[in-house]
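Note sheet for the following structure.
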Amino acid sequence: MSSHLGFKLPLLPGYSFRDPMRSAFHRSQTLGYKAGSPVARPPTVGIGQAPLESQQLSHQQNTELSFDAAELMYESSRRSSKLPDFAPSYVAFDKKVLRFFAYFTEDVLYSPNEEYRVRPVNIYYYLEDDSMELFEPEVENSGLLQGKRIKRHRVLKNALGENYNWKDLNLATDLEVYSVKYRVIQCDAFTKEFMESQGIILSEPEPLPTDPYITRRQAPPSTHQSPSDFDSLHQFLTMDRQVLRFFAMWDDPDTPDKRKTIHVSIMYYLVDDTVEIREIHEANSGRDPFPILMRRRRLPKQFKEDYECFPSCVLEVSSKEVDQYYSPKDFQVGKTVKLLDRRFLLYDCDVFTKNYYLTNHPDMDMKPMELPKEEDNIQDRKREIPPYNGFGSLEDSQQNCLYLIPRPAKKDMIKLLENDHKVLRYSAIMESQDPKERHFIISYYLSDDMISIFERQTANSGMIGGKFLKKTRIPKPGSTVENPEFYSPADFAIGATLSIFSYRFVLTDADHYVLKYLESISDQIPTETLDSVRQRLGVGTTTSQQAEQNGHNEVGEPSLDCTGRNITPTDLIQ
């Protein structure tokens with residue numbers, strides 16, 4: 001409506017008209033990214049795609065352009081310069097911070113030594129969003145709460161709600177923030193360059209005033225007493241957290257274990273001339289984590305003459321009984337020092353200790369000494385396993401000695417997979433004074449070298465047949481408990497006697513699969529064992545392949561018993 005009337009209505013309620021056809025109210029985006037970097041572009045439209053007033057030329061501007069047509073034709077070089085690219089403030093001033101140095105004075109009440117303090121402050125002004133931050137540098141052992149005084153935000157300038165701007169900052173001026181007056185005295189090079197580029201001339205910088213309390217402390221105090229030869233406060237301020245560290249050896253012949261040479265580190269604290277000795281533990285040494293061999297204390301070096309009758313084992317030793325304490329001059333690399341009746345050989349020190357002696361005691365040689373190589377008794381020492389107690393298997397009992405938490409004994413998985421379901425079966429009778437013979441089937445399992453015994457049921461024998469011995473490894477008679485020797489297929493010869501847990505069994509027959517297996521490993525089996533099996537089975541020099549052609553399989557079925565009768569799987573089940 002204002003365009004038709006030629007004038008604009010006042011911006012008052014009831015005087016403005018809303019366009020009912022307008023549906024977009026968003027602001028166009030002016031920031032884009034190209035190759036990961038922000039790229040600013042000037043806005044082409046206003047809010048809700050409305051044309052910008054800056055792009056609408058007035059009647060006067062159109063007239064000027066029409067009269068300057070000739071000038072544009074002949075002097076186009078002057079008009080050919082492009083307008084500068086538009087960049088928003090958060091892009092143009094990104095990571096640009098003005099830094100000013102200031103101070104403020106703080107009154108000290110009820111103190112006879114000082115009236116006020118001078119506390120320096122750094123003022124950071126972020127051009128991106130016109131926020132400010134005040135930070136006070138921390139001074140060690142000051143006893144004051146220092147650090148960030150005012151967090152980053154827009155600081156109020158006055159009661160009208162105005163905020164501080166970078167144009168309000170200058171040198172040699174007072175800046176009042178939350179009722180605290182800060183005196184701005186200096187700025188960095190970037191701040192000075194930025195202010196001059198904006199046409200602001202900075203004032204001359206001012207020096208930081210000295211604190212009268214610090215000045216008074218640096219001056220020697222006027223006193224009528226004789227000055228002290230030692231200043232404990234100066235030692236604390238200059239030597240705090242400075243420690244001399246020496247590496248030493250201590251030969252202790254009275255140690256209960258086999259370790260006679262003990263490596264220690266001697267710590268000498270320069271702040272109070274105390275000494276502490278720590279034992280150096282090697283990795284996996286198995287020792288308790290209590291390395292302190294001697295707690296931190298002052299070590300007396302020489303006592304007074306009247307101290308001979310002093311009961312030092314009961315009362316504490318004070319400076320009145322000690323004539324001289326240990327000092328850094330008493331510790332030199334390559335020499336032996338006696339501390340509490342223990343002799344320590346100093347063989348090396350750290351870098352800080354070398355630099356300290358090079359500066360304060362250049363006459364003392366701190367060159368490290370070479371130590372003789374000690375034999376690693378732990379690696380050369382053989383592992384001693386206690387004797388077998390008889391509980392469980394030998395392999396399971398050894399796991400209690402090898403590991404803190406017992407683990408299952410490892411099995412030969414290759415042997416277990418290759419020989420799975422491969423069993424050697426033999427027929428046997430038991431030697432006893434009973435005239436009745438007891439017939440057994442002995443099964444040897446090739447996968448784990450275990451043996452099981454099954455008793456055949458005989459009619460009118462009075463014996464109940466069935467499982468006589470479950471699967472277990474059987475040692476040979478005469479073998480020791482620590483190094484047992486177990487039965488193997490080489491010991492199962494026809495006619496041989498096996499002693500199994502005080503029972504004697506005589507082998508009488510074998511399966512045809514036994515002959516086939518023994519011939520496959522004939523180089524590992526004695527000739528007598530192989531010939532006995534061949535002679536009993538009546539094969540002679542025939543091979544196991546010929547036996548297979550005669551109807552024998554590889555599952556290891558027993559062929560004959562001691563009576564000459566064929567053994568069938570039904571007999572094994574019974």
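A short reminder: the numbers here are calculations on the coordinates, not readings from a lab. Quantities reported herein were computed from a predicted structural model and do not represent experimental measurements. No Cβ is skipped: glycine too gets one built from the backbone with ideal geometry, and neighbour counts run over all protein chains shown.
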Cα principal axis extents for the range 127-203, largest first, Å: 43, 32, 23
Chain lengthening between residue 261 and residue 116 when straightened (0.36 nm per residue, less Cα-Cα): 46.2 nm
Selected from 505, 440, 461, residue furthest toward positive end of dipole (the range 360-511; charges at beta carbon): 461
Chymotrypsin sites (Phe, Trp or Tyr not before Pro) restricted to the range 126-197 and DSSP loop, no more than 10 other C-beta within 10 Å: 178
Those chymotrypsin sites (Phe, Trp or Tyr not before Pro) in the range 440-510 that DSSP places in a loop and that have at most 12 other beta carbons within 10 Å: 501
Whichever lysines have a C-alpha closer than 20 Å to that of residue 181, once near sequence neighbours (fewer than 8 apart) are set aside: 148, 151, 157, 167
Nonlocal amide H pairs with residue 450, under 5 Å, H built at 1.01 Å: 445
R0 of 22 Å, Cβ-Cβ distance residue 481-residue 412: FRET efficiency to nearest 0.05: 0.45
Length gained when the stretch residue 358-residue 528 is fully extended (0.36 nm per residue, less Cα-Cα span): 52.7 nm
Positive minus negative residues near residue 201 (Lys, Arg vs Asp, Glu; Cβ under 15 Å): -2
Estimated distance in nm for a label pair at residue 21 and residue 37, the labels positioned 7 Å out from Cα along Cα-to-Cβ: 4.4 nm
Loop sites in the range 94-170: GluC sites (Glu not before Pro), DSSP, at most 16 other Cβ within 10 Å: 114, 115, 128, 138, 140, 162
Dimensions (Å) - the range 394-507, Cα atoms, principal axes, largest first: 54, 30, 26
